[in-house]
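S.K.: Have a look at this one before I ask anything.
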Amino acid sequence: MSLRLGLIGCGIMGEDHARILVRDVPGAILAGIFDPSAERRTQVLTLAPTARVFETPEAMIADPDIDAVLIASPDATHTSLALAAIKAKKPALVEKPLGTTPEEARMVVDAEIAAGQRFVQVGFMRRFDPGYGALAQTVRENTLGAPLFLHCVHRNMVAPAYVTSDLVISNASVHEFDICRFVLGEEFAAISVTAARMSSLSTARRPLLLTIESVSGVVITLEAFLDAQYGYEVQADLVCETGTRSLSRLPRISERSDSRFGYAVDADWRAHFADAYRLQLRDFVRFAAGGPPVGSSAFDGYAASKIAVFGLNALKEGGRVAIDIGPKPDLYA
Ligand code: ISE
């Protein structure tokens, strides 16, 4: 029997999950949806006309006809809904951030520890991207010697007006914190943040350069620039003792037209990480059907939020701020 998934939140990410689920994920159906907006519900119902509409997310989580949930509602609701899923003993794929503060995210970790079981997968989809997978493999198998630098770039076309410099760290850079921990397979020791001058095209936030030192001494640099205008771009260059390995700069398709030869740049992360989103959902369905946990755990979600707080301190106070996220509980070993 197919796994019956419930979708909480039918906005940009919820609709994307619904589309992927309906088209590309065997073994699961979209059985229920919740969203306060009739317009957004209708959009998702056109993809899955038989999905049942629930009045509240709590009713959906408790319903015996729903086996697992995708939580893609506004950030401030993630923690309480993840806790409700754990209480109902239902697997949940929770969009990042797991909490709006590390304390909130920690509540989810503690609830899983008390339950003695993992239910939550955090939607840091980059862990499923084949390119990042290859970088992680390089480190794991020591094919180029020890890693020394990891140079990252995170550029958005234009972020919404509410995205402040703080959110560049706590909402966008958290992806980088998670994927760099994954690629290097270790924790961070310190962070510093330098803000560039404001782009004249955006007065909401400043472009940031983050420098992070890992516990073993790898230096990570991250340009986080959310107003690049030309499109969405993510880069990562892993510099090791005997060579470097990088995410490809070139998309799979090139084009010749109008006397030009070139490549298109993706407009946003959904297009750029389409493969990763698909693989993430497939693996979540396997996990929810009884398979092993995969992807980012609740502890990884907590770690990203906690690192963000150290980053915010570094932005505010200047200088190098030591990072300590504390020990990893046995459940996540
Ligand atoms: C956005 O909030 C996301 O979650 C995307 O995955 C990320 O890549 C993007 O840059 C953020 O602004």
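Values quoted throughout were computed directly from the atomic coordinates according to the rules given, and no laboratory measurement underlies them. All values reported here derive from a predicted model rather than from experimental measurement. Positions of Cβ are backbone-derived with ideal geometry, glycine not excepted, and every protein chain shown enters the neighbour counts.
S.K.: What is the helix-to-structure angle for 78-87, meaning the angle in degrees between its Cα long axis and the longest Cα principal axis of the chain, kept from 0 to 90 and rounded to the nearest 10?
M.R.: 50 degrees
S.K.: So, one more: Could you tell me which chymotrypsin sites (Phe, Trp or Tyr not before Pro) in region 132-176 are loop residues by DSSP with no more than 12 other beta carbons within 10 angstrom of their beta carbon? Each step should come with its number before you reach the end.
M.R.: Values: sites: TYR132, PHE149, TYR162; in loops: TYR162.
Of the chymotrypsin sites (Phe, Trp or Tyr not before Pro), the ones in loops of region 132-176 whose Cβ has at most 12 other Cβ atoms within 10 Å are TYR162.
S.K.: For the Cα atoms of the chain, what angle does the longest principal axis make with the long axis of helix 130-140, in degrees from 0 to 90, nearest 10?
M.R.: Helix 130-140 sits at roughly 60 degrees to that axis.
S.K.: What order do you get for ARG260, ARG41 when you list them from fewest to most C-beta neighbours inside 10 Å? Don't skip to the answer; put the middle values down first.
M.R.: Values: ARG260 7, ARG41 18.
Ranking ARG260, ARG41 by Cβ neighbours within 10 Å, fewest first, gives ARG260, ARG41.
S.K.: Measure nothing but the geometry: give the 0 to 90° angle between the long axis through the Cα atoms of 298-317 and the longest principal axis through the Cα atoms of the chain, rounded to 10°.
M.R.: Approximately 40 degrees, to the nearest ten.
S.K.: Moving on. Please report LEU184, LEU222, LEU45 as a ranked list, fewest other C-beta atoms within 10 angstrom at the top and most at the bottom.
M.R.: On the way: LEU184 22, LEU222 26, LEU45 17.
Least crowded to most crowded, the residues run LEU45, LEU184, LEU222.
S.K.: Got a sec to turn the phi values of region 62-76 into Karplus ³J(HN,Hα) couplings, 6.51 cos²θ - 1.76 cosθ + 1.60 with θ = phi - 60°, whole Hz, x for Gly and Pro?
M.R.: Result, ordered by residue: 7, 5, x, 8, 10, 8, 7, 10, 10, 9, 10, 7, x, 3, 5 Hz.
S.K.: Give the total of Lys-Lys pairs in the chain with Cα-Cα distances below 27 Å; include a pair only if its members are 8 or more places apart or on different chains.
M.R.: 12
S.K.: Could you please state, rounded to a whole Å, how far the C-alpha centre of region 243-318 is from the C-alpha centre of region 54-109?
M.R.: 22 Å
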